[in-house]
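What follows is one structure encoded as structure tokens, with my remarks underneath.
The values are calculated or read from the model by the stated rules, or taken from the named source; none is laboratory data. Just so you know, these numbers come straight off a predicted model, no measurement behind them. FYI the Cβ positions are ideal-geometry reconstructions off the backbone, even for glycines, and counts take in every protein chain you see. In case anyone asks, the SASA skips ligands and DNA or RNA and just uses the protein heavy atoms, side chains included. Shrake-Rupley method; radii C 1.70, N 1.55, O 1.52, S 1.80 Å.
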Amino acid sequence: MSETPRLLLISVSMPKVRDRIAESFDVVELPSEGVDAFLAEHGAGIVAVATFAGIKPDVMAALPDLKVISSFGGGYDSIDANEAARRGILVGHTPDVLNDEVADTTIMLWLATSKHLVQGDAWARSGQWEEKGNYPLTKSVRNRTVGILGLGRIGQTIAEMATMFDDNVIYHTLSKKDVPYTYYDDLTEMAQAADVLIVITPGGAATQRLVNADVMNALGPEGILVNVARGSVVDEPALIEALQDGRLGGAGLDVFESEPHIPDALKALDNVVLAPHIGSATVETRDGMGALVCENLESWLAHGKIKACVPECQHLNT
């Protein structure tokens, strides 16, 4: 092993991030093929990982000297943080940097769905405005009840933005928080009370298909579902059926169960706005996220601690 600590890159595509990491680490990159042979040869001695795509359990298991993982993104469901904590591995992510951008995308999807932006654009482009007259009236986003599933950093930013429309904010999380919004301990009951349900909870097994047919039925034929969390949180087949049957009024979706694949049935619906997972996808925000990936690693080198640690590993970061 060289004197410079060795780091494994996983799907890191930003040149400025790669170049900055290479200033402090001896960098090797996980290949797309022959992974087992690569890890057998190079796994020992790798102390750090920088990843834009999580890390598979078998890869993490093949790195016996691993001490720190720096992940690109606020969510980290593609990393077994509990196993990392058990092994004494710090896991860093990039929260806060993307809060405003994801919240902006959320509000955009809600507005576009409620006010039929995509359909209205087609009406204007196709000449129907001239032939058939004004586009049918849509629903306002003002003075509505906004239900938020997950009230973490991004959820609270969304809530603050919703109050600018004079909306009533309600929320569902595992436990009540010290916030000026109404708490529901039952998701279906909250959906019943909401005009729009915004999904911004972490992915993973604990939230798999949490938003099911019962929740959508409770939201109702005038209700709108906005998902900016993970596609796995929403029962996609049930969502399609609810939208087709008119049991759910509309949906604004930035994430999908098997993305980048989107079911043709969703594409065919005119009460859905589809976005290609662009929640935090601006130059400014991605630059900030990339910088924090590097800062987590540089802080670990200098102090043995990271700037933005996931909760599961926080006890290792003191």
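If we sort 94-103, 119-128 on the protection proxy, mean other Cβ atoms within 10 Å, highest first, what's the order? Walk me through the numbers before you get to the answer.
On the way: 94-103: 21.1, 119-128: 12.7.
Per-residue mean Cβ counts within 10 Å order the peptides as 94-103, 119-128.
Order the following by accessible area, largest value first: 312, 160, 33. Probe radius 1.4 Å; ligands, DNA and RNA are ignored.
On the way: 312 60, 160 110, 33 150 Å².
Sorted by accessible area, descending: 33, 160, 312.
Just to be sure I understand the curve: with the Debye formula and one point per C-alpha of the chain, what is log10 I(q)/I(0) at q = 0.08 Å⁻¹?
Relative scattering, expressed as log10 I(q)/I(0), comes to -0.43.
Going highest first, how would you order 294-300, 184-190, 255-261 by mean Cβ packing within 10 Å? Numbers along the way, then the final one.
Values: 294-300: 21.3, 184-190: 16.4, 255-261: 13.9.
Output ranking for 294-300, 184-190, 255-261: 294-300, 184-190, 255-261.
Amide H neighbours of residue 148 under 5 Å, counting only residues 5+ apart in sequence or on other chains, H built in-plane at 1.01 Å?
Amide H neighbours of residue 148, under 5 Å, 5+ apart: 170, 171, 172, 198.
Using a probe of 1.4 angstrom, how much of the accessible area of region 205-318 is carbon and sulfur, in percent? Spell out each step's value before the answer.
On the way: 2630 of 5060 Å².
Ligands and nucleic acids excluded, carbon and sulfur reach 52 percent.
Given a 1.4 Å probe, how much area per residue of the chain is accessible, in Å²? Please list the in-between numbers first.
Details: 15420 Å² over 318 residues.
Accessible surface, normalised per residue, equals 49 Å².
Per residue of region 283-292, what does 6.51 cos²θ - 1.76 cosθ + 1.60 with θ = phi - 60° give for ³J(HN,Hα)? Whole Hz please, x for Gly and Pro, Karplus curve as stated.
Result, rounded to whole Hz: 4, 5, 5, 5, 4, x, 5, x, 5, 6.
Give the aspartates and glutamates reachable from residue 305 as a straight Cα distance under 15 Å; neighbours fewer than 8 places away on the same chain don't count.
295
Using all C-alpha to C-alpha distances in region 172-318, build P(r) with 10 Å bins and read off the rounded percent in each one.
Reading upward from the zero bin: 10, 32, 29, 20, 8, 1.
To the nearest 0.05, what FRET efficiency results for residue 87 and residue 307 with a Förster distance of 30 Å applied to their C-beta separation? Before the final figure, lay out the partial values.
Values: r = 21 Å, r/R0 = 0.69.
The pair residue 87/residue 307 has a calculated efficiency of 0.90.
If you count only protein heavy atoms and use a 1.4 Å probe, how large is the accessible surface of residue 36, to the nearest 10 Å²?
Approximately 120 Å² of residue 36 is accessible to the 1.4 Å probe.
Helix-only mean residue ellipticity at 222 nm, the chain, DSSP H runs n ≥ 4 weighted -39,500 (n - 2.57), per residue, nearest 500. What is it? Walk me through the intermediate numbers first.
Working: 13 runs with 118 residues, N = 318.
Mean residue ellipticity, 222 nm, calculated: -10500 deg cm²/dmol.
Leaving ligands, DNA and RNA out of it, rank 42, 277, 315, 303 by accessible area with a 1.4 Å probe, largest first.
Details: 42 45, 277 70, 315 115, 303 140 Å².
Final ranking, largest accessible area leading: 303, 315, 277, 42.
Which value, in Å² rounded to 10, gives the accessible area of residue 286 with a 1.4 Å probe and all protein chains present?
So the heavy atoms of residue 286 present about 70 Å² to solvent.
Heavy atoms only, 1.4 Å probe, whole protein assembly: order 182, 282 by accessible area, highest first.
Numbers: 182 70, 282 40 Å².
Result, largest first: 182, 282.
Percent relative contact order of the chain, based on C-alpha pairs within less than 8 angstrom and at least six residues apart? Please list the in-between numbers first.
Working: 604 pairs, mean separation 56.7, N = 318.
The value is 18 percent.
Calculate, for residue 208 and residue 26, the FRET efficiency according to 1/(1 + (r/R0)^6) with r their C-beta to C-beta distance and R0 41 Å; round to the nearest 0.05.
Details: r = 39 Å, r/R0 = 0.94.
Once the sixth-power term is evaluated, E becomes 0.60.
Identify, among 159, 140, 108, the residue whose Cα sits farthest towards the positive end of the charge dipole of region 66-181, taking +1 on the Cβ of Lys and Arg and -1 on the Cβ of Asp and Glu, with the dipole about the Cα centre.
With unit charges placed on the Cβ atoms, the residue in question is 159.
At 1.4 Å probe size, what's the solvent-accessible area of residue 284? Round to the nearest 10 Å².
Result for residue 284: roughly 140 Å² accessible.
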